[in-house]
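Right, one structure below, let's go through it.
The values are calculated or read from the model by the stated rules, or taken from the named source; none is laboratory data. Note that the structure is a prediction, hence the values are computed from the model and not measured. Methodologically, a virtual Cβ is constructed for each residue, glycine included, from the backbone with ideal geometry; neighbour enumeration extends over all protein chains shown.
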Amino acid sequence: MTSDDELIKRKQEHLDLCASDAVAFRETTTGFEHYSFLHYALSEVNIDEIDLSFNFFGKVIGLPFYISCMTGGTDETVNINLKLARVAKELKIPLGLGSQRYALDSDRFNSHFDLIREASGDIPLIGNIGAAQVVEAGIIKKLSRLIKISHIHALTVHLNPAQELFQKGGETNFKGLLTAIANLKKELNVPIFVKEVGSGIDEKVADELLWTGVDMIDVAGAGGTSWSGVEILRNGGDNQHDFWDWGMPTTYCIRRVNSLRASYNFLLTASGGINSGMDIAKSLALGADLTASARKILRELHKNGEPGVVLRDGRL
Ligand SMILES: Cc1cc2nc3c(=O)[nH]c(=O)nc-3n(C[C@H](O)[C@H](O)[C@H](O)COP(=O)(O)O)c2cc1C
């Protein structure tokens, strides 16, 4: 069992490491560089009539994009979430909260969630919990309570075996995970999403997950932030480690998961190294419904504050 102090220390170290590019993949890329658009000169489009809004589980959002799950659980991190909440409100996009494990057994954080809800207006908030917590006994009751106190519209389960493997004190017992996810889908009355954290989800994993009825797969592929890398650095290693580049490129994951469309009805999010509007456009062209970014947003927030994340004309 990890103590609260250890969780807080770990979260802070993650934030500090992610403030730089030191945690980027070394050799594995997203693969976006292998794709380019065919130019079409005979355009008859009126660009002002292009509508980027998207129906996100019954709520209309401004762009096919959201801020991926990052942080929470301390006064400092609630401030980051409040800034992100204001950005999300302005852009009318969903906000993912970082792992809410810290609030599973405690009421201490209820006021944080109230503040984030207030700052974000009525944009969708996405909750987050780890695979290692989902397999624990009694989790359904705890998550039902968490959904209420944190005002979330959907819950994401993050799958992060590579990260846990390299994390000091990481939790590496995932026995019963698929059944546990199927139970969440059966028992909780919010959409259930499943994401990786940068090593990717392909069609084999997505097929198993979609069979349980989950509503959205966020591939979170390789080429952006290396989470085995983050933990390797925390352990005193460097980017020459064999597992630094572990994972499947984001573009590969999008294409493979997109191939399941004929069998299941689901939303597909492209994330993992989405760092520009062009990455977003290529993701959508490759088959994604939505896109999301994490570290790029955090870095921009550190560098240029909220206005840096929301560009002048209100577009990313
Ligand atoms: C500082 C930071 C903290 C993160 N914490 C979480 C978390 O608590 N839960 C989660 O599912 N993913 C977490 N992630 C992973 C991201 O949601 C994302 O899947 C991953 O970083 C790949 O996206 P990127 O290349 O845009 O950073 C975190 C990412 C960052 C940068």
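Residue by residue, here is whether (1) in contact (Cβ under 8 Å) with a residue 12 or more places away in the chain; (2) closer than 15 Å to Thr225 by Cα; (3) touching a helix residue (DSSP H, G or I) at 6+ places or on another chain (Cβ under 6 Å) holds:
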| site | (1), (2), (3) |
| --- | --- |
| Asp242 | no, no, no |
| Trp246 | yes, yes, yes |
| Pro249 | yes, yes, no |
| Leu267 | yes, no, no |
| Gly273 | yes, yes, yes |
| Ile280 | yes, no, no |
| Ala294 | yes, yes, no |
| Pro307 | no, no, no |
* Structure fact -> The correct count of residues that are part of a strand (DSSP E or B) and either of a type in the set (A, V, I, L, M) or in contact with a Ser or Thr (Cβ under 6 Å, 6 or more places away or on another chain) (or both) in the range 65-79 is 2
* Asked: So which residues in the range 21-50 are polar (S, T, N, Q) and touching a residue at least 12 places away in the same chain (Cβ under 8 Å), if there are any at all?
  -> Thr28, Thr29, Thr30
* To do: For residues that are under 19 Å from the mean Cα position of the chain (by Cα), part of a helix (DSSP H, G or I) and of a type outside the set (D, E, K, R), tally how many sit in the range 178-190.
  => 2
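Residues are listed down the side, and each one gets a yes or a no for (1) among the polar types (S, T, N, Q); (2) in contact with a Cys (Cβ under 9 Å, 6 or more places away or on another chain); (3) at pLDDT 95 or above; (4) under 15 Å from His158 (Cα atoms):
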position: Leu184; (1), (2), (3), (4): no, no, yes, yes
position: Leu188; (1), (2), (3), (4): no, no, yes, no
position: Pro191; (1), (2), (3), (4): no, no, yes, yes
position: Gly200; (1), (2), (3), (4): no, yes, yes, yes
position: Asp207; (1), (2), (3), (4): no, no, yes, no
position: Val219; (1), (2), (3), (4): no, yes, yes, yes
* Structure fact -> For the range 11-27, the count of residues that are under 18 Å from the mean Cα position of the chain (by Cα) and more than 15 Å from Tyr102 (Cβ to Cβ) equals 6
* Asked: Somewhere in the range 258-265, is a residue in a helix (DSSP H, G or I), out of contact with any strand residue (DSSP E or B) (no Cβ under 8 Å at 6 or more places or on another chain) and at pLDDT 95 or above?
  -> no
* How about the range 216-232: which of its residues are more than 7 Å from the ligand (Cβ to nearest atom) and either free of Cβ contacts under 8 Å to residues at least 12 places away in the same chain or assigned to a helix (DSSP H, G or I) (or both)? -> Ser228, Gly229, Val230, Glu231, Ile232
* Structure fact -> Filtering the range 191-213 for residues that are in a loop (DSSP other than H, G, I, E, B) and crowded, with 23+ Cβ neighbours inside 10 Å leaves a count of 6
